[in-house]
Amino acid sequence: METNRQKKIGGVIQKDLVDILQGEVRKNGISNLVISVSKVSVTTDLSVATVHLSIFPQEKAAETLVAIKSNTKLIKHDLSQRVKLQLRKVPNLTFFIDDSLDYIEKINNALSAKENPIENRELLEHRKKI
């Protein structure tokens with residue numbers, strides 16, 4: 001369970017990372033790319049921050065994540081300049097793709113499609129283990 005301090009630090013990092021990442025997208029003139037920070041989790045010793053990113057369109061997600069990971073040191077430096085009055089030491093950043101929206105979309109598609117086991121009970125027979 002996260003402490004209040006972990007939540008506050010995660011919120012500060014999340015807010016500033018959004019500004020940094022969106023600023024880089026705008027500064028480099030990249031169009032049709034949206035990066036949002038969906039969640040930041042900080043470890044109990046405040047040494048590592050796990051950053052979950054939602055990247056749209058999804059086709060550019062892997063390529064964008066590789067670029068972000070290769071520039072982690074620069075991102076951490078920019079972050080440290082922004083939070084230097086709030087934090088003594090900036091946690092190390094680890095970035096991951098947040099695929100929870102895709103998971104929700106797959107569930108919605110499955111329930112609205114022809115393969116809906118609620119409406120078509122015969123599909124349940126195919127899903128049983130033999």
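Quick look at the numbers
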| quantity | calculated |
| --- | --- |
| Residues located in the stretch 2-21, provided they are open to solvent by less than 40 Å² (accessible area, probe 1.4 Å) and within 17 Å of residue 75 (Cα to Cα) | 9, 10, 11, 13, 16, 17, 20, 21 |
| Any chance residue 37 is part of a strand (DSSP E or B), aliphatic (A, V, I, L, M), touching a His at 6+ places or on another chain (Cβ under 8 Å) and surrounded by 11 or more Cβ atoms within 10 Å (Cβ to Cβ) | yes |
| Qualifying positions in the stretch 69-89 - in contact (Cβ under 8 Å) with a residue 24 or more places away in the chain and open to solvent by less than 40 Å² (accessible area, probe 1.4 Å) | 75, 79, 83, 87 |
| Candidate set from the stretch 22-34 (those that are open to solvent by less than 40 Å² (accessible area, probe 1.4 Å) and modelled with pLDDT under 90); member that is nearest to residue 63 (Cα to Cα) | 33 |
| Residue selected from the stretch 43-64 under the condition hydroxyl-bearing (Ser, Thr, Tyr) and buried (at least 18 other Cβ atoms within 10 Å of the Cβ), by the criterion nearest to the chain's Cα centre (by Cα) | 54 |
| One residue from 93, 101, 65, 21 being under 29 Å from residue 1 (Cα atoms) and in a strand (DSSP E or B) | 93 |
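The values are calculated or read from the model by the stated rules, or taken from the named source; none is laboratory data. Note that this is a predicted model, so its numbers are computed, not measured. Note that we place each Cβ from the backbone using ideal geometry, even for glycine, and neighbour counts take in every protein chain shown. With ligands, DNA and RNA removed, areas are computed over all heavy atoms of the protein, side chains included. Shrake-Rupley method; radii C 1.70, N 1.55, O 1.52, S 1.80 Å.
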